[in-house]
Amino acid sequence: MRLRNPLLVLAVAAAVAVVVVLIARGGKSSDKISLAGFQASDAKRDAVLWAVGDGPDGNDPARQVGRLIARSKPDRVLYLGDVYEHGTAQEFDTHYANAFGGFAKRTAPTPGNHDWPNRVVGYMPYWTKVTGRKVPNYYTFSTGGWKLISLNSEMPHGPHSPQVRWLDSELKGPGDCRIAFWHRPRYSAGDHHGDQPDVQPFWDELRGHAVLVLNGHEHDMQRFEPKHGITELVSGAGGHGLYGLNQFYPGLAFGNDSSFGALRLELTRGLAKYRFVSTDGRTLDSGSTRCRA
């Protein structure tokens, strides 16, 4: 069949070019196209975000964390993974919805190790239903003058994996006003899981391109001294029990293993202020970091 309309020819050629580029970058075109529309960017000059994981299990501490976050009417919430016990559809519809469902439409999730095995019936359909869009495995969006990058520690993330190649392509622009978040932390003073060296490829790519990394997995709160220009914050005290900490872990600047709570972020262009807040409203630790816009 010959295409006689010049405009139609150009449109078809453009579509083919997009598909070729996307496949070359290591994924199906439908998966890559969905990245842009899942979590919409905005041009806010400042934004309030909360970040927390390891919470919803049907018990009251998780609901207390949810109420803490809801009171501040956040612009966005970063959910750092794990809906207990197995991330099933019922657990998302009851445990998660009852604790954090009030701000689900403003939430940018990343999956945890409890969610991923049942993602086809739990994580994926829940977030697709909430947002009305297919949830990608990893994605980016912008707010408050910062770029947020949701990565996935539960799927392949080796140096040559499609995910890490995609991350490399997302870090090409200038400056380092970027915040990356995923479930399992590279460095951890926790006595339950500890360091997760397999996610080193994320860290290697982010060096020089991001100043904050946020994780869950350990059921406590941790802040580390900057390493390679990156400050790592662990916010896993979302309600499902608490894990102990080694307070002598090298580089640990703050650790709390006795309070449930979440991490609050205030973003403005070139500056991020953060503080760990307990469910009774106390600020347990705070700080700030600047970036090159």
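List TRP50, TRP127 from most exposed to least, where exposure is judged by having the fewest other Cβ atoms within 10 Å.
Working: TRP50 26, TRP127 23.
Listing TRP50, TRP127 from fewest to most nearby Cβ atoms yields TRP127, TRP50.
Going by alpha carbons, how many degrees (0 to 90, nearest 10) lie between the helix axis of 6-24 and the longest principal axis of the chain?
Roughly 40 degrees, rounded to the nearest 10.
Provide the per-residue ³J(HN,Hα) series for the stretch 124-132, in order, calculated from phi with Karplus coefficients 6.51, -1.76, 1.60 and θ = phi - 60°, each as a whole number of Hz, with x at glycine and proline positions.
5, x, 5, 6, 5, 5, 5, 8, x
Which order results if THR283, THR143 are arranged by neighbouring Cβ count within 10 Å, fewest first?
Working: THR283 11, THR143 23.
Starting with the residue having the fewest Cβ neighbours, the order is THR283, THR143.
Going down the list LYS44/LYS129; LYS73/LYS129; LYS73/LYS172; LYS129/LYS172, which pairs span over 28 Å between their C-alpha atoms? Numbers along the way, then the final one.
Values: LYS44/LYS129 26 Å; LYS73/LYS129 22 Å; LYS73/LYS172 33 Å; LYS129/LYS172 33 Å.
Exceeds cut-off: LYS73/LYS172; LYS129/LYS172.
Give, in whole angstrom and from largest to smallest, the semi-axes √(5λ) of the equivalent ellipsoid of the chain, with λ running over the eigenvalues of the Cα gyration tensor. Show your work: numbers first, answer last.
Values: eigenvalues 213, 94, 66 Å².
Sorted largest first and rounded, they come to 33, 22, 18 Å.
For CYS177, what residues show an amide H to amide H distance below 5 Å, using hydrogens built from the backbone and excluding near sequence neighbours?
Amide H neighbours of CYS177: ARG292.
Going by the alpha-carbon gyration tensor, a ≥ b ≥ c the square roots of its eigenvalues, is the stretch 57-184 rounded (a/c under 1.5) or, if a/c is not under 1.5, prolate (a/b greater than b/c) versus oblate? Kindly include the intermediate steps, with their values, before the conclusion.
On the way: a/c = 2.16, a/b = 1.37, b/c = 1.58.
Oblate.
Provide the gained length on full extension for the span ALA89 to ALA70, in nm with one decimal, where the gain is 0.36 nm per separating residue minus the Cα-Cα distance. Working shown, then result.
Details: separation 19, 0.36 × 19 = 6.84 nm, distance 2.33 nm.
Value of the extension gain: 4.5 nm.
Mind running the shape call on the stretch 46-86? Use the C-alpha gyration tensor, a ≥ b ≥ c as the square roots of the eigenvalues: rounded below 1.5 for a/c, prolate if a/b tops b/c, oblate otherwise. Show your work: numbers first, answer last.
Details: a/c = 4.09, a/b = 1.64, b/c = 2.50.
Oblate.
Can you say what percent of the DSSP beta bridges in the chain, counting only those with both residues inside, are antiparallel? Round to 5. Don't skip to the end; give the middle numbers.
Working: 35 of 53 bridges.
For the chain, the DSSP antiparallel bridge percentage is about 65.
Collect residues whose amide H, placed 1.01 Å from N in the peptide plane, falls under 5 Å from the amide H of LYS227; neighbours closer than 5 in sequence don't count.
The answer is GLU232.
Can you run phi through the Karplus equation (6.51, -1.76, 1.60; θ = phi - 60°) for the stretch 110-115 and list ³J(HN,Hα) in whole Hz, with x for Gly and Pro?
9, x, x, 5, 7, 7
What are the chymotrypsin sites (Phe, Trp or Tyr not before Pro) within the stretch 174-267 that DSSP puts in a loop, where the Cβ has at most 14 other Cβ atoms within 10 Å? The partial results should precede the final answer.
Details: sites: PHE181, TRP182, TYR187, PHE202, TRP203, PHE224, TYR243, PHE248, PHE254, PHE260; in loops: TRP182, TYR187, TYR243, PHE248, PHE260.
Answer in residue order: PHE248.
Can you give me the distance in nm between label points at PHE248 and ARG269, each placed 7 Å from the Cα along the Cα-to-Cβ direction?
4.8 nm
Where a number appears in this text, it was derived from the coordinates with a stated rule and is not lab data. Owing to the predicted nature of the structure, the values given are computational and were not obtained by experimental measurement. Cβ sites come from the backbone with ideal geometry, for glycine too, and all protein chains shown count toward neighbours.
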